[in-house]
Amino acid sequence: MKSLKIILIVLILNSFFISFLQAQTEQEEKKKEEEYAHDHQEIIVTAKKEPITEIANIKEIEREEIQKRGALNPVEALDFIPGAFYTVGSRGETNLQLRGFSQRQVVIMIDGIPINLPYSGEIDLSHFPLEGLAKIKVIKGTSSTVYGSNTMGGIINLVTETPTKKTNAHLSLDLGRNLNQKFAFSLAKRWEKIEFWISGEYKNSNGFHLSHKFEPEVNEDGAKRQNSDFMNRGVNGRFRFSWEKGSLFLDFNYLDNKRGVPPHVSEERPRYWRFPTWRKNNLKLSLKHNPFEGLELRGSVYYDLYYNILDSYDDATYSTQEQRYSFHSIFDDYSLGASFLGELRKRRNHFRLGLNLKKDVHRSQADEFEPWEKYEAANYSLGIEDEIDLKENLSLVLGTSLDWLKPVYANGEELREPIFHFNPLIGLSYRVNSFQVYFSMARKSRFPTLKELYSEYIGRNIPNPELKEEKSMNYELGFRFLSSGVSLDVSIFHFDLKDLIVQKRTGALFQMQNVDQAVYSGAEFSLNFRVKEGYDLSFNYSYLQAKNTSSDRTSSKLDYKPTHKLGLFFSFRLPLSLEGMVKGAYTGKRFFEDSAGIYQTLSPRMLWDFKLSRNLGRIEIYFLLKNILDVNYEFEDGFPGPGREILIGIAWKN
């Protein structure tokens, strides 16, 4: 591997003296390829224009933008958009927020398949590969009623690639400190009626280095972060067969990971955890059919598997499991689901009907020789939506959904009654030339997860199978302006949350209860400006006022919800076909409640990244520097982030 690094470094240095080679493509063929991609990309997930786009804050992060900004995984790509924020806590997993909503309150999808874990409702997107992604689509606040239940805080959809040429191929290799390495590939082939695509990514790291400014603690001596190593492997693919009025799709995603869980740097009894196995696999069969002009029918069935092994060790040697707190835990979960979407377009109406069915199954063993437990729940959602053109520039969107959670099996215990919830929405949109203003109002909800209903949290919790759903009233007013070289988005929002599920002390133990209320109010501003060809400037700002309004509150503060967040991005061109970017990200102070119940503060942080690349025809060579100033910061109390990171890479595409 050392020789491979030397070869790559020499190649990068010499590349700046290689003559510029630019592959030419005929303009007519390029136009055909772009039209094909427009017609077929995201064909399963959305139509070319869905009603919710008129009344919601939607951001699409394209593959080119993700690469340009130096993101290493989907979470880093999402972190730059206004309203998005993530932390890394005691399980070593990224916890993503949208406008203050936690990840359990946001539905995460791959090509329209919900992939939130069956047991906890969460998912760590940092495990997922970027290779093979065409874009990441984010719907904040008011989301469509036809996507299913639990969309209280919005939807994040990872959209995979569609080949834009008869043959698409891509290879890349990245190297960094501590044997950090990534290899990725993708290959796609398109014939007249058949399309095939496959991509893969392998990442391996011995762990990340902390800032040189980090002061050693009892559980962390500095330099390389303890137990932060990982290995990720992923393969995605699609087979598609088309005919005159429809298409048949078969998609698969395979993830196989293992990793350490860095301990709290100063706790007296930290966790010594490792995941020797973490797998997430799914398979989907989809059908799209257009019986006649204006009517489109789509249906999918899918199977989503999640399997992990979690080992708790005695100490920092991670070699023995003899203490009472040591265990070998197994999760063997799956979801089985189906969805149907029908769309009818008339001259002044765009009507949509969606049906979503999903069964979640959780099977677990707390430790070796312990009995297995099993819990099941079925989730149903029927949604309708209609966009009505009242006038040439004025449209009204109406919709509603009926969501239903039905417990199926509770480890042999008596089942609770099903939960029903009705979620209407209404919105208005007015357009004049390049300017749009919209307003939306929606009631949203989230059903309790299997973990919240039944988990004993290693003997510290009393299960509460009678939990109700969380509820939210979402209001948003937005403005958009799009002109040549300039785009501007401004939104003001207010969310009133009730019956939030939180852990409360009950004697010597705890229990999950519907007791909390909260209000999230704020504003977002996003400006993208092309200074001139090759020089682009982006600026965004998020303001969030998140308050605990519960009657029994001891404080109005809420954990890890920054009031201010700012992003700055500038891309530029230099001689010798060089391209560069500078990115800055500011996160304001965050509050958290310590073990004594007293609220403490994490300091603000400002991180800067830099990337320089050179295109040599079909080859790109790049240099990425993250956290340039080597800032010492914490994601959460006791969990510091990486210091300065250096990455070099080379990529080829046909």
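Spin-label pair SER484-ASP256: with each label point 7 Å from Cα along the Cα-Cβ axis, the two points sit 5.4 nm from one another. Which of rounded, prolate, oblate describes segment 288-336, given a ≥ b ≥ c as roots of the alpha-carbon gyration tensor eigenvalues and a/c under 1.5 marking rounded, otherwise prolate only if a/b is larger than b/c? Judged from the Cα gyration tensor, segment 288-336 comes out prolate (a/c at least 1.5, a/b above b/c).
Computed from the Kirkwood radius of its Cα pairs, the Stokes-Einstein diffusion coefficient for segment 255-320 at 25 °C and 0.890 mPa s stands at 156 µm²/s. Global dimensions of segment 493-556 from alpha-carbon coordinates: Rg and Dmax equal 19.9, 66 Å.
Working note: Cα atoms of segment 230-344, range along each principal axis, descending, whole Å: 67, 24, 23. Sorting SER487, SER319 by the number of Cβ atoms found within 10 Å of their own Cβ, with the fewest placed first, yields SER319, SER487.
Couplings for segment 308-314, taken from phi via the Karplus curve 6.51 cos²θ - 1.76 cosθ + 1.60 with θ = phi - 60°, read 9, 10, 10, 10, 9, 9, 6 Hz in order; Gly and Pro are left as x. Taking only the alpha carbons of segment 187-229, we obtain Rg and Dmax values of 21.3, 63 Å in that order.
Segment 466-491 and segment 289-317 have Cα centres spaced 27 Å apart. Using 0.36 nm per residue and subtracting the Cα-Cα separation, the extra length available between LEU287 and LEU428 on full extension is 47.5 nm. Using equal-weight Cα scatterers in the Debye expression, the normalised intensity of segment 385-444 in log10 at q = 0.27 Å⁻¹ is -1.05.
Amide H contacts under 5 Å for GLY643: HIS209, LEU210, SER211, restricted to partners 5 or more places along the chain or on a different chain, H placed in the peptide plane at 1.01 Å from N.
One chain, two ends: THR400 and TRP243. Fully extended at 0.36 nm per residue, the span grows by 53.2 nm beyond their Cα-Cα distance. When the alpha carbon gyration tensor of segment 2-653 is reduced to an equivalent ellipsoid, the three semi-axes, largest first, read 36, 34, 26 Å. Two decimals, Cα atoms only, Kirkwood Rh: what is Rg/Rh over segment 82-205? Looking at segment 82-205, the ratio lands at 1.02.
Rule-based calculations on the coordinates, nothing more; no lab input. Here the structure is a predicted model, which is why all the values come from computation and not from measurement. Heads up, the Cβs are rebuilt from the backbone with ideal geometry, glycines too, and the neighbour counts pull from every protein chain shown.
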